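Before any comments, here is the structure.
The values are calculated or read from the model by the stated rules, or taken from the named source; none is laboratory data. Remember, predicted model here, so these are calculated numbers, not experimental data. Here Cβ is always computed from backbone atoms with ideal geometry, including for glycine, and neighbour counts include all displayed protein chains.
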Amino acid sequence: MSRAYNFCAGPAALPEDVLRQAASEMLDYHGRGLSVMEMSHRSDDYVAIAETAEQDLRDLLGISDDYAVLFLQGGASQQFAMVPMNLMGRDDVADYINTGQWSAKAIKEAKQFGKVNVAASSEATNFTTVPPQDTWQLSDNAAYLHYTPNETIGGVEYDFIPESRAPLVADLSSTILSRPLDVSKFGLIYAGAQKNIGPAGVCVVIVRKDLLERAGDQVPTMLRYKVHAENGSMYNTPPTYAWYLAGLVFKWLKAQGGLTAMEQLNRRKAEKLYGYIDASGFYSNPVEKHSRSWMNVPFVLADEQFDKPFLKEADAAGLLNLKGHRSVGGMRASIYNAVPEAAVDALIDFMKDFAQRHG
Ligand code: PMP
């Protein structure tokens with residue numbers, strides 16, 4: 001068996017060690033004679049799996065007891081609605097920063113539940129940068145300030161945490177766990193799992209406990225953070241297997257040296273790839289240097305006519321899923337935690353060879 005290098009934006013590569021462990025535990029979890037998928041979520045075995053995963057995530061990110069950690073379904077897209085439903089009233093205003101397609105979706109959804117003030121947007125530069133905070137037009141009494149620290153499609157990432165009087169809400173789907181984070185600066189963090197956490201099907205929410213009290217009575221039970229917090233994310237049947245696999249990824253991250261080690265590795269991977277793209281004369285990335293994503297690296301070739309052969313040859317060389325998002329075209333290499341440095345090296349070698357042959 002040989003595993004390819006997978007540059008998919010999500011569902012993304014998982015650590016091989018994690019997949020091996022899951023495979024070895026698949027038929028018979030710890031001598032219990034059944035798989036994790038077949039366990040009651042109320043069983044002692046499963047509750048231990050769930051609680052250990054939560055504790056490991058708390059350890060990795062240094063999350064204090066002031067925060068609830070939830071494992072929900074519905075993906076990050078459901079959070080686009082749950083955030084305003086829980087945190088703002090009809091007459092309230094929430095501030096949003098628009099840096100690309102994912103923030104735009106969050107903004108569109110929030111407008112259904114209250115007033116939205118788009119305090120800054122980088123649309124004028126075609127979303128190739130993050131607007132500097134001193135240009136933001138924040139409201140005086142915002143219910144919260146929402147931003148997207150990493151735009152997965154545009155490959156645009158904040159190199160700062162915004163200052164905010166209102167609780168700060170962040171869609172960390174494509175950058176959580178890529179480096180250390182000061183969680184105490186946030187009111188609420190959410191992240192779909194299928195990039196840096198585990199398989200699709202679970203969405204992690206980290207929410208400051210005082211904010212659990214904000215939701216009005218009209219919010220449906222399953223969409224209320226407080227209900228999930230009070231029930232250990234087991235008000236209904238949680239996505240048990242995805243939660244278990246997320247737990248294996250958290251253990252793997254700890255074994256790698258935690259988020260400081262991931263930061264060093266991810267910085268190196270990104271610097272190598274951008275460094276080559278910029279020097280190549282054949283590939284290019286339009287994002288302002290200080291706003292470039294460490295996780296998602298979009299690039300275009302010197303001519304669109306090379307796109308198809310590039311993808312075909314890359315695939316044949318075991319470099320998978322490099323096609324850019326359908327809305328922007330070109331290429332995108334997603335280099336999350338589980339994508340090893342050797343994958344980036346192999347990609348650069350392939351890109352060099354391709355450019356030489358077609359440049
Ligand atoms: N936000 C960001 C930043 C994303 O990258 C994605 C998925 N690519 C989403 C939200 C939507 O996530 P989901 O598919 O889990 O709803």
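For the stretch 120-142, the condition of being surrounded by 19 or more Cβ atoms within 10 Å (Cβ to Cβ) and touching a Leu at 6+ places or on another chain (Cβ under 8 Å) holds for none of the residues. Just checking, does the stretch 303-315 include any residue being touching a residue at least 60 places away in the same chain (Cβ under 8 Å) and either surrounded by fewer than 16 Cβ atoms within 10 Å (Cβ to Cβ) or among the hydrophobic types (A, V, I, L, M, F, W, C) (or both)? No. Residue pairs whose Cβ atoms lie under 8 Å apart, separated by 6 or more positions or on different chains, with the first residue in the stretch 89-113 and outside any helix (DSSP H, G or I) and the second within 11 Å of the ligand (Cβ to nearest atom) and at pLDDT below 95, do not occur. Please indicate, with yes or no, whether at least one residue in the stretch 175-183 is within 12 Å of the ligand (Cβ to nearest atom) and modelled with pLDDT of 95 or more. The answer is yes; a qualifying residue exists. Within the stretch 1-32, being of a type in the set (F, W, Y) and either in a helix (DSSP H, G or I) or away from the ligand (no atom under 16 Å from the Cβ) (or both) holds for Y5, Y29. Residues that are among the hydroxyl-bearing types (S, T, Y) and over 18 Å from the mean Cα position of the chain (by Cα) were ranked within the stretch 134-192; the one that is farthest from G114 (Cα to Cα) is S184. Selection of the stretch 199-212 for residues being of a type outside the set (A, V, I, L, M, F, W, C) and out of contact with any Gly (no Cβ under 8 Å at 6 or more places or on another chain) yields P199, G201, K209, D210. The combined condition, being on the phi < 0 side of the Ramachandran plot, buried (at least 19 other Cβ atoms within 10 Å of the Cβ) and touching a residue at least 40 places away in the same chain (Cβ under 8 Å), is not fulfilled by I348. Taking G198, is it within 29 Å of P239 (Cα to Cα) and either of a type in the set (G, A, S) or at pLDDT below 95 (or both)? The answer is yes for G198.
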